[in-house]
Amino acid sequence: MAYNIALQFEDGVTRIVSCEANELVSDAAFRARINIPLDCRDGACGTCKGHCESGDYTLGDYIEDALTEDEAATGYVLTCQMRPLSDCVVKIPVDSSACKIEIAAHEASISRIGRDSPTTVTFSLQAEQPVAFLPGQYVNLQVPGRSDTRAYSFSSAPNQSELSFLIRDVPDGLMSRFMRETAAAGDRMTFIGPYGSFYLRKPERPILMLAGGTGLAPFLSMLLWLKDNPTSQPIRLAYGVNCNADLVELEALDELKKALPDFSYFTVVVDKESGHEKLGYVTNHLTAADLNGGDVDIYVCGPPPMVEGVRHWCEGLGVTPKNFLFEKFSATHEAAK
């Protein structure tokens with residue numbers, strides 16, 4: 001049986017390799033032309049040390065100078081002695097360039113475009129084969145007819161051939177203009193990746209998700225993954241936007257609420273004239289109880305002021321979450337040049 005091993009490098013590049021149950025992770029990586037740093041290959045030097053963030057595995061023989069008992073107890077591994085028992089995510093403490101990695105490039109065709117919202121565009125790409133990534137990650141999507149790329153998070157689950165995205169419709173933006181005015185089903189597009197350290201970790205405690213605008217996209221990917229990989233941990237999503245027109249994918253969230261018994265969400269609108277039930281910012285409608293005394297994993301995706309606002313909100317309550325994971329984005333990067 002083969003497992004998917006996601007190798008997460010310090011520069012955000014991720015490569016997912018197939019590793020047989022009786023195969024060493026370092027050998028599977030080498031077979032995929034990824035040169036994880038190795039000196040000894042027998043568990044004596046510690047050069048190939050990484051940290052397994054999720055998944056089960058066994059470790060072969062090694063000496064304490066290479067991997068201490070305390071390190072092994074907290075998930076550190078020697079990839080030259082690691083054999084997987086499930087899919088795993090392993091952080092490798094070097095840049096991808098040090099491992100001579102060729103960044104994966106993919107081609108796909110537009111299969112669907114949704115232009116129902118005046119401020120956002122949704123679209124799907126049909127790839128020739130399933131694309132592996134960690135739920136929450138992004139790719140660099142090339143603007144057709146240009147060399148320019150734009151970074152967008154997947155809003156679909158991993159390991160599928162149909163890939164979905166939710167993007168902001170930026171006035172005069174290169175990708176926005178293409179998607180709004182030109183794009184048609186069947187158009188070919190190229191993307192590179194996956195990238196990013198903002199992805200769903202193993203659910204071990206309550207999860208609080210905070211999305212700003214199209215920052216909802218990676219959470220849709222995470223929730224779809226959780227639909228197929230259930231957890232007993234409660235999940236709450238706070239989804240904030242500027243105006244009513246920005247509220248999208250509510251039907252998808254309702255379907256996920258039905259499928260995930262411990263999932264709940266609410267929406268917030270900044271515009272005071274919107275008539276929305278909850279006004280202002282998402283933190284205006286959260287309480288200290290949502291932080292569970294610090295035993296909580298917080299995920300935030302939105303513009304920089306939102307991310308910092310959530311951080312300051314936690315500090316103001318005097319609570320430090322177990323994990324605070326975030327992805328900042330700015331629509332100004334979309335502007336045409």
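The values are calculated or read from the model by the stated rules, or taken from the named source; none is laboratory data. Because the structure is a prediction, the values reported are computed rather than measured. Every residue, glycine among them, receives a Cβ derived from its backbone with ideal geometry; neighbour counts consider all protein chains shown.
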Scan (1) crowded, with 18+ Cβ neighbours inside 10 Å; (2) within 23 Å of the chain's Cα centre (by Cα) for the single condition Arg112 breaks and write down its number. (1)
Please name all residue pairs, on different chains or six or more residues apart, with Cβ atoms under 6 Å, provided the first residue is in the range 302-327 and is closer than 13 Å to Leu286 by Cα and the second residue is at pLDDT 95 or above and crowded, with 19+ Cβ neighbours inside 10 Å. Val310/Leu210; Val310/Val300; Trp313/Thr283
With the structure loaded, tell me whether Arg201 is surrounded by fewer than 20 Cβ atoms within 10 Å (Cβ to Cβ), basic (Lys, Arg), within 12 Å of Pro135 (Cβ to Cβ) and modelled with pLDDT under 95 or whether it fails that test. yes
When restricted to Val241, Val248, Val282, the only residue in contact (Cβ under 8 Å) with a residue 40 or more places away in the chain and within 27 Å of Ser124 (Cβ to Cβ) is Val248
Got at least one residue in the range 99-118 being at pLDDT below 95, among the β-branched types (Val, Ile, Thr) and within 18 Å of Arg15 (Cβ to Cβ)? yes
For the range 307-326, enumerate the residues that are within 18 Å of the chain's Cα centre (by Cα) and under 19 Å from Gly240 (Cβ atoms). Val307, Phe324, Leu325, Phe326
Return yes or no: is Val94 in a loop (DSSP other than H, G, I, E, B), out of contact with any Lys or Arg (no Cβ under 8 Å at 6 or more places or on another chain), touching a residue at least 24 places away in the same chain (Cβ under 8 Å) and farther than 26 Å from Asp246 by Cα? yes
Got at least one residue in the range 250-260 being closer than 19 Å to Pro303 by Cα and touching a helix residue (DSSP H, G or I) at 6+ places or on another chain (Cβ under 9 Å)? no
Every listed condition ((1) at pLDDT 95 or above; (2) more than 17 Å from the chain's Cα centre (by Cα); (3) not hydroxyl-bearing (Ser, Thr, Tyr)) holds for Pro218 save (2)
Looking only at the range 50-104, count how many residues are over 21 Å from Asn4 (Cα atoms), surrounded by 13 or more Cβ atoms within 10 Å (Cβ to Cβ) and acidic (Asp, Glu). 1
With respect to Gln8, determine if the residue is more than 22 Å from the chain's Cα centre (by Cα), at pLDDT 90 or above and surrounded by 16 or more Cβ atoms within 10 Å (Cβ to Cβ). no
Criterion first (in contact with a Ser or Thr (Cβ under 6 Å, 6 or more places away or on another chain) and among the hydroxyl-bearing types (Ser, Thr, Tyr)) does Ser164 satisfy it? yes
